[in-house]
Structure formats: C-alpha cells, structure tokens
Amino acid sequence: MTSGCDMTAVILAAGSGERMGENKMLTEFCGETALSLCIRVFDSMPIVVVTSDGLMEYAEKLCEGLAFPTKVVLGSTTRQRSALCGLKAVDKSTRYVLIHDAARCLIDSETVSRIAREVRAKGSAVACMKCRDTVRNIVTGETLDRTDLVLVQTPQAFEYSSILDAHMRFEGLDGAFDDAELYIRMGHNVNYVECPITNQKLTIQSDKAFFDAIISGRECT
C-alpha cells in the first residue's frame, strides 16, 4: 500500500454485536449500512478495514474504486487484538494512523479533519465528549467531580510507530478499553479533542431511532 498521504485510517469492524443481537456493520440507515457510512467518511486517505470472516467479501466490495489504497484484513477475538491486526497491515511509510470503531458510523468528515490536524500538530488526538450529567458510583454511592472527566470515543490518532509499539508491547492485554490507554501506559500524554454529541456508538436496538434521525436529517440538507 503506497500513496502520497501521510495518514492511514484503521476501521475496526470485527465485533460480534452481542448486545445489538445482530451484526451492527450491516444495520441499514437510509439505504446504507453502518460499515459503508464509515468507509465513505474516511475515503480521503488510505484505509485498512479490520473485519470478521463473514464480512470480508462485503468490505472488499465497499472499498472498490476508492481513490486511495485499501486493505481488508481479518480481525481477532478482542478489540485490542483486532486493532493490532489492522496496525500491522498499515504501510510502514505511514506517519500517522487514525483508529476508528465502525460502530460510530455517525462520524463526519469535519470531525475527521479536526482529528487529523490535531495529531499532526501534537502527536496524538483522541475524540471525546465532556460529561454533562452527574456521574455516580452506584456501588459506593460516591458522586464524582465531572470537571476533569470525559467520555472517550474514536477516532483516536497517533504517530504510527508509537501506537504500533504500544499495541505490540501490551499484546493480549484484553482488559484494555482503547488505544489511548495503551499509549498512556507507554508514558505518553494524550491530547483530547471534544467532538459533536452525534459521535455516538451503535450498541443496542434502541439506538437505531437516534441514528436514523441524524442520518435522515443529513440526507435532507
């Protein structure tokens, strides 16, 4: 995979969708699947799609005809291991990598551009949303100060060599929640970028109505 672009997107689409009760990547909104919506937003750069065995052919079809090189690779049993599969498939000439969970299929090109600018300027850029609600530990009853709390999302962008090193160093650490956690464990600081409230994750059946409303609104504008 070679191109003049200094950034590659790794799209994670290998999840089982247990809470959804179906493969989230094939959930349709306005005639497009969650996976096709995601790929379309990242088509301004090379793409590596990490997916399950049953979706390999479909993902390859979605990537046909894109302006930049693409690869479709088989994921693994956990998010961390799937991310490593994707990172290993990235062309080694890439300077930055942008990792995104395809279940966040409401991602928009403006947010991708902001993350790209931030990682080029500061070496890392992790999407987040500030906590708006009261946050309480229901076991201890403790109410947490939300001032310094954020909801961590994707895209998460890093210098390619740094995040690859982090994933290889902690390979098999199945308790890791995201790429930024591994990056922090390596002693790096993370630059957080607040993103729109629409950057939600498709998780359960009741999410569909929200996603439908947002995507339908975009199609009408």
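The values are calculated or read from the model by the stated rules, or taken from the named source; none is laboratory data. Quick caveat: nothing in here was measured; it's all calculated off a predicted structure. Note that we place each Cβ from the backbone using ideal geometry, even for glycine, and neighbour counts take in every protein chain shown. When the accessible area is computed, the model is the full protein with side chains, heavy atoms only, and any ligands, DNA or RNA have been set aside. Shrake-Rupley method; radii C 1.70, N 1.55, O 1.52, S 1.80 Å.
Key figures for this structure:
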{"read-out": "Glu64 vs. criteria open to solvent by 30 Å² or more (accessible area, probe 1.4 Å), touching a strand residue (DSSP E or B) at 6+ places or on another chain (Cβ under 8 Å) and without any contact (Cβ under 8 Å) to a residue 24 or more places away in the chain", "value": "no"}
{"read-out": "Any hit, the range 49-56, residues being over 28 Å from Arg117 (Cβ atoms) and in contact (Cβ under 8 Å) with a residue 60 or more places away in the chain", "value": "no"}
{"read-out": "Test: residue in the range 164-180 that is open to solvent by 40 Å² or more (accessible area, probe 1.4 Å), hydrophobic (A, V, I, L, M, F, W, C), at pLDDT below 95 and not in a helix (DSSP H, G or I)", "value": "yes"}
{"read-out": "Subset of the range 111-155 [aliphatic (A, V, I, L, M) and either more than 30 Å from Cys5 (Cβ to Cβ) or part of a loop (DSSP other than H, G, I, E, B) (or both)]", "value": "Val135, Ile138, Val139, Leu144, Leu149"}
{"read-out": "Restricting the range 22-47 to residues that are in a strand (DSSP E or B) and over 14 Å from the mean Cα position of the chain (by Cα), the residue that is nearest to Ala59 (Cα to Cα)", "value": "Thr33"}
{"read-out": "Of all residues in the range 29-39 being at pLDDT below 95 and within 25 Å of Ser113 (Cα to Cα), the one that is surrounded by the fewest Cβ atoms within 10 Å (Cβ to Cβ)", "value": "Cys30"}
{"read-out": "The range 129-146 residues that are open to solvent by 100 Å² or more (accessible area, probe 1.4 Å), paired with ones that are among the hydroxyl-bearing types (Ser, Thr, Tyr) (beta carbon under 8 Å, 6 or more apart)", "value": "Arg136/Thr143; Arg146/Thr134"}
{"read-out": "Residue match in the range 8-21 (condition: within 18 Å of Ala83 (Cα to Cα), assigned to a helix (DSSP H, G or I) and either modelled with pLDDT under 95 or open to solvent by 30 Å² or more (accessible area, probe 1.4 Å) (or both))", "value": "no"}
{"read-out": "Residue that is nearest to Gly86 (Cα to Cα) [pool: residues in the range 147-163 that are surrounded by 13 or more Cβ atoms within 10 Å (Cβ to Cβ) and among the hydrophobic types (A, V, I, L, M, F, W, C)]", "value": "Ile163"}
{"read-out": "Selection status of Ala103, assigned to a loop (DSSP other than H, G, I, E, B), within 16 Å of the chain's Cα centre (by Cα), among the aliphatic types (A, V, I, L, M) and at pLDDT 95 or above", "value": "yes"}
{"read-out": "Tabulated pairs, the range 88-101, first farther than 12 Å from Glu159 by Cα, second of a type in the set (Asp, Glu) and open to solvent by 10 Å² or more (accessible area, probe 1.4 Å), C-beta under 9 angstrom, 6+ apart or interchain", "value": "Asp101/Asp178"}
